[in-house]
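Engineer: Quick one: this structure, given as structure tokens, is what I'll be asking you about.
Read-outs throughout are calculated quantities, based only on the coordinates presented, and are distinct from any laboratory measurement. Being a predicted model, the structure only gives us computed values, none of them experimental. Heads up, the Cβs are rebuilt from the backbone with ideal geometry, glycines too, and the neighbour counts pull from every protein chain shown.
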Amino acid sequence: MTRFEEQLDADQNGRILCVDKPEGWTSFDAVKKIRKQLRVKKIGHAGTLDPFATGLLLVCTGRATKQVEKLMELEKEYIGEIELGKVTDTYDKTGKILATHDTSHVQLGDVTRVCWSFQGDLLQKPPMYSAVKINGERLYKLARQGKTVARQPRKVKVYEIEILDFKNPIIELRIVCSRGTYVRSIAHDIGEKLGCGAHLKSLVRTRIGSYRLQNAHSISDLIQTYENTFES
């Protein structure tokens with residue numbers, strides 16, 4: 001058996017790949033690219049990252065796809081930047097700016113008080129620009145048609161929230177949260193509580209359970225590894 005065949009056999013039997021998803025890629029883009037390179041039939045990811053976000057994406061192959069649901073239940077850690085004073089329709093930097101507000105009144109004490117209020121159990125309403133389905137329709141498809149529908153809040157949990165830096169109008173946060181938590185929504189709601197509006201400027205997923213970003217590989221590195229294996 002060649003090295004490539006051994007590698008292929010391992011992927012068919014199953015493995016969990018730690019991938020560093022680049023900005024601009026959907027999670028499906030990453031899976032599709034890896035599927036083509038690894039030549040596996042069964043492949044999936046354990047937790048979507050928005051296209052504008054970067055960081056850790058767990059990609060399961062072969063028999064490891066049976067672990068996807070369990071992996072999705074693990075807590076997630078993110079580092080994010082929130083920009084105060086600008087409200088967007090998507091709650092992040094990719095959206096249309098709906099309103100701008102002065103932020104000069106916002107002090108570190110205000111930011112600390114408001115951010116800490118999000119620690120613990122929350123009832124969070126999913127944003128309109130999300131993949132959540134209501135009556136069989138994806139919310140983001142309705143949003144693109146200019147429609148807004150009632151959304152039921154969902155139970156989520158923020159285990160930790162830490163202010164890493166504040167230089168008005170930018171807040172840098174570390175958040176550890178449960179499955180289904182929208183950090184975009186937290187950014188939006190922080191802006192509302194501060195009375196100036198806000199959106200999520202950047203987001204990096206740094207950890208899923210015990211899997212860490214520093215142990216992840218870029219998609220290009222994964223591809224190069226398999227090309228080298230195939231050629232040898």
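Engineer: Restricting attention to the stretch 127-150, does a residue exist that is of a type in the set (K, R), within 24 Å of I79 (Cα to Cα) and out of contact with any Leu (no Cβ under 9 Å at 6 or more places or on another chain)?
Structural biologist: Among the residues of the stretch 127-150, not one is of a type in the set (K, R), within 24 Å of I79 (Cα to Cα) and out of contact with any Leu (no Cβ under 9 Å at 6 or more places or on another chain), which makes the answer no.
Engineer: Pull out all pairs, ordered by first then second residue, where Cβ-Cβ is under 6 Å, the residues are six or more apart or on different chains, the first lies in the stretch 21-37 and is within 19 Å of Q214 (Cα to Cα), and the second is outside any strand (DSSP E or B) and of a type outside the set (A, V, I, L, M, F, W, C).
Structural biologist: Within 6 Å, the pairs are S27/T48.
Engineer: Among the candidates Q119, Q124, which residue alone is under 20 Å from G80 (Cα atoms) and crowded, with 18+ Cβ neighbours inside 10 Å?
Structural biologist: Values: Q119 fails: crowded, with 18+ Cβ neighbours inside 10 Å.
Sole residue among the options that is under 20 Å from G80 (Cα atoms) and crowded, with 18+ Cβ neighbours inside 10 Å: Q124.
Engineer: Across the stretch 199-216, what is the number of residues that are assigned to a strand (DSSP E or B) and under 22 Å from D121 (Cα atoms)?
Structural biologist: Total meeting the criteria: 7.
Engineer: Among the residues of the stretch 158-182, what is the count of those that are part of a loop (DSSP other than H, G, I, E, B) and surrounded by fewer than 14 Cβ atoms within 10 Å (Cβ to Cβ)?
Structural biologist: The total comes to 0.
Engineer: Looking at the stretch 186-220, which of the residues that are within 23 Å of R35 (Cα to Cα), under 17 Å from the mean Cα position of the chain (by Cα) and of a type in the set (G, A, S) is surrounded by the most Cβ atoms within 10 Å (Cβ to Cβ)?
Structural biologist: The selected residue is A216.
Engineer: For the stretch 100-146, how many residues meet the condition of being in a strand (DSSP E or B) and more than 18 Å from V176 (Cα to Cα)?
Structural biologist: Looking only at that region, the number is 5.
Engineer: Go through (1) in a strand (DSSP E or B); (2) under 16 Å from the mean Cα position of the chain (by Cα) for K155 and report which single condition fails.
Structural biologist: Every condition holds for K155 apart from (2).
Engineer: Kindly list the number of the only condition in (1) assigned to a helix (DSSP H, G or I); (2) closer than 30 Å to H101 by Cβ that fails for Q37.
Structural biologist: Every listed condition holds for Q37 apart from (2).
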